[in-house]
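Okay, structure first, notes after.
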Amino acid sequence: MRYLDGRELAGYIKQRQAKEVRRLKHAGFAPVLAIICDNPQPTNQLYMSLKKKYGAEIGVKVIDFNVEPSELANTIRSVNKDETINGLIVQLPMTTGVDTDALLDAINPDKDVDGLGEKAKFDPATPLAILWLLAGYGIELADKKIAIVGQGRLVGKPLAAMLRNSGIEPATFDVGSKNLNSNLKKMDLIVTAVGQPGLITNHAIASGSVVIDAGTASESGILKGDVADEVYECEDITITPKKGGVGPLTVSALFDNTLRAARARVGRI
């Protein structure tokens, strides 16, 4: 089994980013990322803490706004207008019943560093991280049969769009897709981002295939992906580890977008 470990790649990216932050500060502009959260569930708190830690390590200030659902729209508008903040994300998932699409679309496209708004100027962080991970391990996509399981706004849908924009047509599936296992068995590369532990089993994995698990769910307080434990007993596949696969590079991609937004801001001053 070969592992696609994002931690090593993220380490190299982090060094580059730290140098860039120092250059921006020398130019008189300190990058700042704002995170708005209305849903203080443990998973959200964990991801926010990881982002704050990463920001501190490269020198980017991270400000978190913990608000009530009714305050989301006003907080987004306020941060949009704040000239000292160049990156803004809303931690997902938001509280049930909140109009997620409308709120993400309300983020200033120049600050939408998660790339999830309709007019965002940046690539979404997790799909970008997946492409970085594949490129970092020299996995070519042009000649492969690619499947994306899950068509959510955060990963599956934008990743499919990014691949199509580069001339690659992936097959797309969801949890309820007919003959899911038999269809996935025909694929060279599977990216799963559903958030259903144990969804992808040995019955869906062909010998020699590549598996990217970008699904996240909390099960008894433990974060798990979509890939069943049994898959990790296979010896002839390439796969992301249970921890340290896409996640570290997603944070790196988020801050790469934040630094791009900062560079654009410096150019306008």
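The values are calculated or read from the model by the stated rules, or taken from the named source; none is laboratory data. Given the structure is predicted, the values throughout are model-derived calculations rather than measurements. No Cβ is skipped: glycine too gets one built from the backbone with ideal geometry, and neighbour counts run over all protein chains shown.
Quick notes on this one:
- Among residues of region 148-173 being at pLDDT 95 or above and over 16 Å from residue 128 (Cβ atoms), the one that is surrounded by the fewest Cβ atoms within 10 Å (Cβ to Cβ) is 167.
- Test set (1) of a type outside the set (A, V, I, L, M, F, W, C); (2) under 15 Å from residue 4 (Cβ atoms); (3) in contact (Cβ under 8 Å) with a residue 12 or more places away in the chain - residue 202 fails condition number: (2)
- When residues in region 31-65 are screened for being surrounded by 16 or more Cβ atoms within 10 Å (Cβ to Cβ), out of contact with any Phe, Trp or Tyr (no Cβ under 9 Å at 6 or more places or on another chain) and closer than 16 Å to residue 250 by Cα, 5 of them pass.
- Test: residue in region 36-46 that is among the charged types (D, E, K, R), farther than 22 Å from residue 223 by Cα and more than 18 Å from the chain's Cα centre (by Cα): no
- Any chance residue 224 is in the same structural domain as residue 163 (by TED's automatic domain parsing), among the basic types (Lys, Arg) and without any contact (Cβ under 8 Å) to a residue 24 or more places away in the chain: no
- Total residues in region 42-53 satisfying the condition of being over 19 Å from residue 112 (Cβ atoms) and in contact (Cβ under 8 Å) with a residue 12 or more places away in the chain: the figure is 5.
- Residue among 6, 11, 87, 59 that alone is on the phi > 0 side of the Ramachandran plot and of a type outside the set (Phe, Trp, Tyr): 59
- Qualifying position, being under 17 Å from residue 210 (Cβ atoms) and among the charged types (D, E, K, R), among 178, 186: 186
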